[in-house]
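Worksheet: the structure to be examined is printed underneath.
The values are calculated or read from the model by the stated rules, or taken from the named source; none is laboratory data. Everything quoted here is computed from the prediction, not taken from an experiment. With ideal geometry, Cβ positions are generated from the backbone for all residues, glycine too; neighbour counts draw on all protein chains shown.
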Amino acid sequence: MGTHAVEEATDSATVPSRTGLLIIGASQSGVQLAVSLRALGFDEHITLLGDEDHRPYQRPALSKEFLQGMVGSESLIFRSNDYWTGHNVDLVKGEYIARIDKEADGTGVAHASSGRQFPFSRLALAVGARARKLEIDGSDLDGVLYLRNADDALALKSRVGDAQDVVVIGGGFIGLEAASSLQKMGKNVTVLEFGPRLVGRAVGDETAEYFLQAHRSRGLDIRLNATAARFTAADGGGEKPHGVAAVELQDGTVLPAQIVLIGIGVIPNTQLAEQLGLDVDNGVVVDRFALASDGTTVAVGDVANMPNPVPGSAPGERIRLESVNNAIEHAKVAAYSLTGHRAEYAGIPWFWSNQADLKLQIAGLSNGYDQTVLRRDTERGKFSVLYYRQGQVIAADCVNAPLDFMDVKNALAKGQNIPATAAADVATRLKIITTDS
Ligand SMILES: Cc1cc2nc3c(=O)[nH]c(=O)nc-3n(C[C@H](O)[C@H](O)[C@H](O)COP(=O)(O)OP(=O)(O)OC[C@H]3O[C@@H](n4cnc5c(N)ncnc54)[C@H](O)[C@@H]3O)c2cc1C
């Protein structure tokens, strides 16, 4: 499983045998939790329940290959129905849990908005996050869209054929990935970013500037410090509501748009945790073992706010990560907890984002860096930024530089360092200059 040292738990972490484990949220982290539990020999019944009508699928392609029509929906499905049946996992689709009654011993009943009830002896929250909404004039017009799930992607795909002009609101990863895909599909795309640079706080200034220049040089119209004031419809008269036709900016600029795609971040789905009285603070607060404040419920993936798992991070520092890698690793930690063991988060958090021909890979977390080293091979189109805290490398953003990514990730995993004084030399591979302290 690749997780840190395992030891026997001494408290009541094991699952009582009655109604089994209910995992709410059937996506990256919920699926991984069920799979990891079976790999660990967990023999209680598992219900893997989600509100979407689709079999659990991978989200990353929704803004990339699936949107561009390069892969079909079937290839995004995590596991076949046979897998779930063969592993005694009840997969329940299309049920939204609206309320949970839970006893002090961790058992309870989850109530779906359909009226169905799901009793459980142990509960896992893998409910992820939802798209943050932009509420301005015209935001309810047809063609104003988001991109968080498969239905969103299908809605976008169904409109793309008739649209020539697309305005993407938000210059974060999802916005830039979707903008690049739509541009590749021949659309006239404008990206509006409210802030002074791209990609928020997820990367440093150098990487943000690199992406700005790289996208602009590929013909993407990116406008920084640009705020949408309202969306307007075509003035067609008649009774039929009209779709969006334009975006009006605060400075008075009007951009034609038959599609507006909003990607301004996500909000963790903490409603159930709040209703249960669990500690919530930008996500469900969990300990190192993915246990929520009641000591029995586990919470994993995008919804969980956990202690920073990176070795050497400041004591008490907490973090909520939104990535596939985190959903997988965090679910493994929770699987250990649910089988009566304790294992801490293993490995170094990493992330990827593909935008046009720009393949970004991020190793580690750059929070709290005090120095950066730029490693740029313009000839080969490679670009990396290494982040340091007090002389120790803590993270790297690597664009089209998979060896840099791998070398930094390996160094971080082994607690090694890559001296800042030597890291800029692109002629030398980073693993050659890696040192033990
Ligand atoms: C378009 C897109 C592209 C992405 N690209 C990348 C990428 O390139 N690299 C990367 O590392 N990450 C990427 N991500 C992020 C990654 O997909 C997420 O981090 C990951 O899906 C998180 O998994 P999760 O299971 O924790 O949450 P989610 O995937 O959000 O799943 C939670 C599930 O729970 C369901 N649910 C919520 N509340 C309830 C309820 N009350 N009852 C029943 N069901 C409920 C939700 O509908 C959802 O199906 C991307 C995400 C998107 C949307």
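Computed quantities for the displayed model
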read-out: Test: residue 346 is surrounded by fewer than 24 Cβ atoms within 10 Å (Cβ to Cβ), free of Cβ contacts under 8 Å to residues at least 60 places away in the same chain and away from the ligand (no atom under 16 Å from the Cβ); value: no
read-out: Filter result for the condition that a residue is over 25 Å from residue 181 (Cα atoms), out of contact with any helix residue (DSSP H, G or I) (no Cβ under 6 Å at 6 or more places or on another chain) and charged (D, E, K, R), over 137, 142, 162, 152; value: 137
read-out: Test: residue in segment 171-192 that is crowded, with 16+ Cβ neighbours inside 10 Å, closer than 25 Å to residue 256 by Cβ and of a type in the set (Phe, Trp, Tyr); value: no
read-out: Subset of segment 26-54 (residues that are farther than 24 Å from residue 150 by Cβ, in a loop (DSSP other than H, G, I, E, B) and of a type in the set (D, E, K, R)); value: 43, 44
read-out: Filter result for the condition that a residue is farther than 20 Å from residue 302 by Cα and modelled with pLDDT of 95 or more, over 86, 50, 30; value: 86
read-out: Residues of segment 402-437 satisfying the condition of being among the basic types (Lys, Arg) and exposed (fewer than 15 other Cβ atoms within 10 Å of the Cβ); value: 414, 429
read-out: Within segment 56-80, tally of residues that are within 20 Å of residue 24 (Cα to Cα) and part of a loop (DSSP other than H, G, I, E, B); value: 6
read-out: Segment 118-173, residues that are more than 10 Å from the ligand (Cβ to nearest atom), outside the structural domain of residue 192 (by TED's automatic domain parsing) and small (Gly, Ala, Ser); value: 121, 124
read-out: Single unsatisfied condition, residue 175 versus (1) over 30 Å from residue 204 (Cα atoms); (2) touching a residue at least 60 places away in the same chain (Cβ under 8 Å); value: (1)
read-out: Of the criteria (1) surrounded by 13 or more Cβ atoms within 10 Å (Cβ to Cβ); (2) more than 24 Å from residue 322 (Cβ to Cβ); (3) at pLDDT below 95, which one residue 1 fails; value: (2)
read-out: Strands (runs of 3 or more DSSP E) enclosed by segment 114-197 - at least 3 residues per element that are modelled with pLDDT of 95 or more and closer than 30 Å to residue 297 by Cβ; value: 117-120, 122-125, 129-131
read-out: Within segment 156-178, tally of residues that are aliphatic (A, V, I, L, M) and closer than 18 Å to residue 323 by Cβ; value: 3
read-out: Extreme residue, farthest from residue 144 (Cα to Cα), among residues of segment 176-231 that are within 16 Å of the ligand (Cβ to nearest atom) and in contact with a Ser or Thr (Cβ under 6 Å, 6 or more places away or on another chain); value: 177
read-out: Segment 276-311, subset outside any strand (DSSP E or B) and within 15 Å of the chain's Cα centre (by Cα), residue nearest to the ligand (Cβ to nearest atom); value: 301
read-out: Which numbered condition residue 385 fails, given (1) more than 15 Å from residue 325 (Cβ to Cβ); (2) out of contact with any strand residue (DSSP E or B) (no Cβ under 6 Å at 6 or more places or on another chain); value: (2)
